[in-house]
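Novice: Structure incoming, see below.
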């Protein structure tokens with residue numbers, strides 16, 4: 001496939017743009033940024049078409065580009081936020097703290113904030129956002145995009161076994177996060193044990 005061919009690029013766009021946008025949105029949490037990342041994904045695909053390996057899946061390659069752009073954006077955003085918080089406070093601000101970040105020491109613990117949330121979906125989203133980048137991406141690609149372990153491994157440059165282990169760790173963190181927030185179902189303990197067993201079985205039986 002020649003992604004520098006406008007017609008073929010259009011076909012790839014029509015087949016993948018919705019999924020790529022959803023991935024970007026779930027990673028960065030802002031619709032405008034997600035739209036910008038989507039557009040940049042296709043710009044990169046066009047300008048770097050020669051790096052696409054024939055025989056590979058175009059969608060997998062596109063998801064990798066989109067994911068990398070989203071995380072580049074998040075890292076830049078975190079850097080700007082930290083730089084802003086560590087900037088000296090103006091004189092006469094009425095605070096003894098030297099920087100803005102020092103004024104945040106008494107913020108409500110995340111667990112308390114989650115415990116007050118009645119919407120389980122919002123809590124799950126918050127917990128997913130707190131996962132390490134790799135585990136977070138595995139959860140999104142597996143649970144929201146229905147990718148196989150093999151395809152996720154191709155996107156992230158990992159083995160299928162590593163992807164399965166990432167998903168297992170992420171599910172464990174999500175389970176205990178919901179439990180801490182008081183949002184886990186009463187029978188969640190037994191359900192989680194069964195889920196872990198199922199994950200282990202899927203790893204020995206091949207792709208789900």
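Novice: Only one of (1) modelled with pLDDT of 85 or more; (2) in contact with a helix residue (DSSP H, G or I) (Cβ under 9 Å, 6 or more places away or on another chain); (3) under 22 Å from residue 25 (Cα atoms) fails for residue 175. Which number is that?
Specialist: (3)
Novice: Can you tell me which of (1) modelled with pLDDT of 75 or more; (2) outside any helix (DSSP H, G or I) is the one residue 184 doesn't meet?
Specialist: Unmet condition: (1).
Novice: Going through the range 42-69 one residue at a time, which ones are assigned to a helix (DSSP H, G or I) and over 16 Å from the mean Cα position of the chain (by Cα)?
Specialist: Scanning the range 42-69 gives 42, 43, 44, 45, 46, 47, 49, 50, 51, 58, 59, 61.
Novice: Something else: Take residue 151 and decide whether it is in contact with a helix residue (DSSP H, G or I) (Cβ under 8 Å, 6 or more places away or on another chain), modelled with pLDDT of 85 or more and over 19 Å from residue 173 (Cα atoms).
Specialist: yes
Novice: Could you please find all residues in the range 159-178 being without any contact (Cβ under 8 Å) to a residue 12 or more places away in the chain and over 15 Å from residue 127 (Cα atoms)?
Specialist: 159, 162, 165
Novice: Okay, moving on. So how many residues does the range 127-150 have that are more than 9 Å from the chain's Cα centre (by Cα), crowded, with 19+ Cβ neighbours inside 10 Å and under 19 Å from residue 26 (Cα atoms)?
Specialist: 3
Novice: What do you reckon, is residue 151 in contact (Cβ under 8 Å) with a residue 12 or more places away in the chain, under 15 Å from residue 60 (Cβ atoms), out of contact with any strand residue (DSSP E or B) (no Cβ under 6 Å at 6 or more places or on another chain) and assigned to a helix (DSSP H, G or I)?
Specialist: In short, yes.
Novice: Here is a follow-up. Give the residues of the range 21-41 that are without any contact (Cβ under 8 Å) to a residue 60 or more places away in the chain, surrounded by fewer than 17 Cβ atoms within 10 Å (Cβ to Cβ) and either in the same structural domain as residue 126 (by TED's automatic domain parsing) or in a helix (DSSP H, G or I) (or both), sorted by residue number.
Specialist: The answer is 31, 32, 35, 36, 39.
The values are calculated or read from the model by the stated rules, or taken from the named source; none is laboratory data. Since we're looking at a predicted model, the values are computed, not measured. Here the Cβ is made from the backbone with ideal geometry for all residues, glycine too, and neighbour counts use every protein chain on show.
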